[in-house]
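Q: Quick one: the structure is below, questions incoming.
The values are calculated or read from the model by the stated rules, or taken from the named source; none is laboratory data. Here the structure is a predicted model, which means the values were calculated and not measured. FYI the Cβ positions are ideal-geometry reconstructions off the backbone, even for glycines, and counts take in every protein chain you see.
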Amino acid sequence: MSISLLQFLLGIVFLTIIFLHLTRKNFGAVVVYGIQSLAITVILFNSFLETKSLFLLFVILTILIVKVILAPVFFIRLIKNHELTFSASTYLNMPLTLIVLAVFTAFAHSDKFLPLTNIVFAHHALLALSLSAIFISLILIVNRKSALSQALGVLSLENSIVAFAVFAGLEQSPMLQIGILFDIFSWIIIATVFISMIYRHFGSLDTSLMKSLKD
Amino acid sequence: MELLIIFSSLFIASLIALISKRRALIETVSVIASLVVFGASTVIASKVVSAGEYLPNVYFSVDSLGALLLLIISCVGLAVTVYSIAYLRKESAKGVVGLTRIRQYFALLNLFVAVMVLAVSSSSPILAWISIEATTLSTAFLISFYNKPSAMEAAWKYLIINSIGLLLAFFGTLLYFTSLQTVGETGFTTWGNLLSNATYLDPAVAKIVFIFVLIGYGTKVGLVPMHTWLPDAHSKAPAPISALLSGVLLNVAFIIVLRFKAITDLAIGPDFSQKLLIIFGLFSVLVAALIIFTQKNYKRLLAYSSIENMGITALGFGFGGVGIFAAVLHLIYHSLVKSALFLTAGNIFLKYGSTKIAKIRGAIGVIPVTAILFLVGFFAITGAPPFGIFLTKLLIFSAGITLHPVITILMILLTALVFVGFFRHAQAMVFGKAEGEIKKESESFWLILPPLSLLVLAFYFSVYQPPFLQILIDNVISHY
């Protein structure tokens, strides 16, 4: 695959995270997360074409099944069952959110992180964009009040780290692939079990309603 | 072989808890598994003492620090398992939990212990990371054990904050692997590989990735400002689980930080990591001291005390020299005493049905043995002589006073504040005048024995360090 196609795919990953920041509709958020995971799968598949690692192919197939198909289907069923059309609001308002995203994207492209983004010199722009995706995924988790959005934020953070690993040439290590697989499984278990439990207890996925634990 | 015995016994105990409906069988098997783990850990530790390292195969290795942690995990694990039986029997007598919950509890408890053993015995940083992630998964269900909204809140907070932390730790771990790209290694990567190739790590990259790892695993350690999950989780989990979380899990995560510190120090020298540990340690003690003073919940009080003690340990490793020796001892004492304190807190909760300090008065007249143990635990954890924490704090401060006098003096003042704040609450709970009439009843032997044993052990190690312990600690100092 050409570098411009990889750039395009990473651009999709980055834009989907921006979309997750902007959208108020849960259905759209879940669909976009599925697209993001598909982009990551294609990026990883490109790596497979170069390395021909069978274990990597297994990881790719797992991501495809779990993150692109199963997780979105589960989330959509959850949204339909509980009529969770709209996501709970954010802690920061929209203009402020956009400013913070711009600042962190610029920060990831700054000289401070040159040692990281120059790990593979030819992939400097891709690594900087992956690092931006990591940062804005973190903000997504912190800024959103909905448990579903927070879960999508964690899963996006995971995708962004995988993207960084691929462009840094680190995805070939079987140990890292096992790590990625384990994280996928653990978060799918967490998301499926705990989000339903939160809804059962609070009648909503709005985590700002959780106020009983304070010093 | 020993590790295989540990994992298989815990796995069998978990499996029996899941499939059997006979409570006595589940309890018996869990205790037997804990005894087996304790025995096998002792054998492993003795092998480490004689050979310097335990290397059963390429996937596992236990060094001196790992051996110390294995002993702590098995010792506290045994105490917690024995205590859990009596504790849950009281809870089911009150109708709080049923058999299904109890089965889940023992299955997850054994799994939790198993993954902690895996974390300290794995030779791979990624396997260690997977194990720490697995502790999050197993304990999240244990924190939400009581199935109340507040417990769910604590569990969700725990999951989200720790998941972020651990993903950052994963990112950091991954970047340490860049040192291996230089020499073209892509197979099974061990701590040893990373150490031997540390000099190939770009110094600028080493600094950034250590920050990621420290923030990531520091979240699990409970260092400020990543600590916010800890008081909630510790206060909402059943008391024996809080004992394991506070007394063991924090230390397990800490040794992963120390392993990365050793690699980073080889790449860029110790100054950078020491400075960071001092900063995080300082803020942890500061925040914990201020909150302990105004705390209203005794389980949260103990949780903040853990944050304070992890901060002091971080300072010990940050100051270096004799501070490292003291920090290792501090980890051991803290594990034993804090676990004992959480178990006595469980007894208080069983009697009073509340975790609010204001509702616990006159415990000495109602549950006298527990009250005395709580008081002894308080003196031990705050560093009153002759308990070991007095010595470790003294040594850590003496290590810091020449190079960092301002920080050290501030630390001394803050630990004094912790003592005063903790004492205020402890004396009110133990000697305060009860508002209503609370009936005195005989205390269960099985609820007393585990915390008593842990405190006796902590006291014993305070006045005498057996040769095997000295050898292990000396080895740790030479490596970290």
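Q: Kindly establish whether B:GLY377 is within 20 Å of the chain's Cα centre (by Cα), small (Gly, Ala, Ser) and assigned to a helix (DSSP H, G or I).
A: yes
Q: Looking at (1) facing chain A (nearest Cβ under 7 Å); (2) within 19 Å of the chain's Cα centre (by Cα), which is the only condition B:SER124 fails?
A: With respect to (1) facing chain A (nearest Cβ under 7 Å); (2) within 19 Å of the chain's Cα centre (by Cα), B:SER124 is out only on (2).
Q: Quick one: how many residues across the stretch A:49-73 are closer than 22 Å to A:SER173 by Cα and either among the polar types (S, T, N, Q) or surrounded by fewer than 19 Cβ atoms within 10 Å (Cβ to Cβ) (or both)?
A: Matching residues across the stretch A:49-73 total 14.
Q: crowded, with 22+ Cβ neighbours inside 10 Å, more than 10 Å from chain B (Cβ to nearest Cβ) and not basic (Lys, Arg), is that true of A:SER137?
A: It is false that A:SER137 is crowded, with 22+ Cβ neighbours inside 10 Å, more than 10 Å from chain B (Cβ to nearest Cβ) and not basic (Lys, Arg).
Q: Identify all residues within the stretch A:169-186 that are under 22 Å from A:VAL13 (Cβ atoms) and within 7 Å of chain B (Cβ to nearest Cβ); write none if there are none.
A: Scanning the stretch A:169-186 gives A:GLY169, A:LEU170, A:GLN172, A:SER173, A:LEU176, A:GLY179, A:PHE182, A:ASP183, A:SER186.
Q: Can you find, within the stretch B:80-116, the residue that is farthest from the chain's Cα centre (by Cα) among those that are in a helix (DSSP H, G or I) and free of Cβ contacts under 8 Å to residues at least 12 places away in the same chain?
A: B:ALA93
Q: Sticking with this one: Out of A:LEU152, A:LEU157, I need the residue that is part of a helix (DSSP H, G or I), within 8 Å of chain B (Cβ to nearest Cβ) and in contact (Cβ under 8 Å) with a residue 12 or more places away in the chain. Which one?
A: Result: A:LEU157 is the single residue among A:LEU152, A:LEU157 that is part of a helix (DSSP H, G or I), within 8 Å of chain B (Cβ to nearest Cβ) and in contact (Cβ under 8 Å) with a residue 12 or more places away in the chain.
Q: Restricting the stretch B:247-299 to residues that are among the small types (Gly, Ala, Ser) and surrounded by fewer than 20 Cβ atoms within 10 Å (Cβ to Cβ), which is modelled with the highest pLDDT?
A: Here the answer is B:ALA262.
Q: Can you find a residue that is over 19 Å from the mean Cα position of the chain (by Cα) and on the phi < 0 side of the Ramachandran plot anywhere in the stretch B:62-76?
A: So far as the stretch B:62-76 goes, no, none of its residues is over 19 Å from the mean Cα position of the chain (by Cα) and on the phi < 0 side of the Ramachandran plot.
Q: May I ask you to list pairs of residues, at least six apart or on different chains, whose Cβ atoms are under 8 Å apart, with the first in the stretch A:110-129 being within 13 Å of chain B (Cβ to nearest Cβ) and buried (at least 16 other Cβ atoms within 10 Å of the Cβ) and the second being polar (S, T, N, Q) and in a loop (DSSP other than H, G, I, E, B)?
A: The qualifying pairs are A:LEU127/A:ASN118.
Q: Check whether at least one residue in the stretch B:47-64 is outside any strand (DSSP E or B), within 30 Å of B:ILE348 (Cβ to Cβ) and within 14 Å of chain A (Cβ to nearest Cβ), and report yes or no.
A: Scanning the stretch B:47-64, I find no residue that is outside any strand (DSSP E or B), within 30 Å of B:ILE348 (Cβ to Cβ) and within 14 Å of chain A (Cβ to nearest Cβ), so the answer is no.
Q: From the list A:LEU152, A:LEU129, A:LEU170, A:LEU148, which residue is at pLDDT 95 or above and touching a helix residue (DSSP H, G or I) at 6+ places or on another chain (Cβ under 8 Å)?
A: Going through A:LEU152, A:LEU129, A:LEU170, A:LEU148 in turn, the sole match is A:LEU129.
Q: Only one of these conditions is not met by A:VAL103: (1) more than 10 Å from every other protein chain (Cβ to nearest Cβ); (2) touching a Lys or Arg at 6+ places or on another chain (Cβ under 7 Å). Which number is it?
A: (2)
Q: Also, quick follow-up: B:GLY66 versus (1) surrounded by 21 or more Cβ atoms within 10 Å (Cβ to Cβ); (2) under 19 Å from B:SER8 (Cα atoms): which is the lone unmet condition?
A: Tallying (1) surrounded by 21 or more Cβ atoms within 10 Å (Cβ to Cβ); (2) under 19 Å from B:SER8 (Cα atoms), B:GLY66 fails exactly one: (2).
Q: Looking at this structure, is A:LYS112 charged (D, E, K, R) and at pLDDT below 90?
A: No.
Q: Also, I was wondering about something else. So B:SER138 fits all but one of (1) more than 18 Å from the chain's Cα centre (by Cα); (2) modelled with pLDDT under 90; (3) part of a helix (DSSP H, G or I); (4) more than 8 Å from chain A (Cβ to nearest Cβ); what number is the exception?
A: (1)
Q: Quick check on my filter: what residues within the stretch B:136-164 are in contact with a Ser or Thr (Cβ under 6 Å, 6 or more places away or on another chain), surrounded by 24 or more Cβ atoms within 10 Å (Cβ to Cβ) and among the polar types (S, T, N, Q)?
A: Hit for the stretch B:136-164 is B:ASN162, nothing else.
Q: Under the condition of being within 18 Å of B:THR135 (Cα to Cα) and facing chain A (nearest Cβ under 7 Å), which residue from the stretch B:165-180 is surrounded by the fewest Cβ atoms within 10 Å (Cβ to Cβ)?
A: B:LEU167
Q: Among what's in the stretch B:142-164 and is more than 8 Å from chain A (Cβ to nearest Cβ), part of a helix (DSSP H, G or I) and not aliphatic (A, V, I, L, M), pick the residue that is nearest to A:SER208 (Cα to Cα).
A: B:TYR158
Q: If we keep just the residues of the stretch A:187-215 that are outside any helix (DSSP H, G or I) and more than 7 Å from chain B (Cβ to nearest Cβ), which is nearest to B:SER138 (Cα to Cα)?
A: Checked the stretch A:187-215; the qualifying residue nearest to B:SER138 (Cα to Cα) is A:LEU205.
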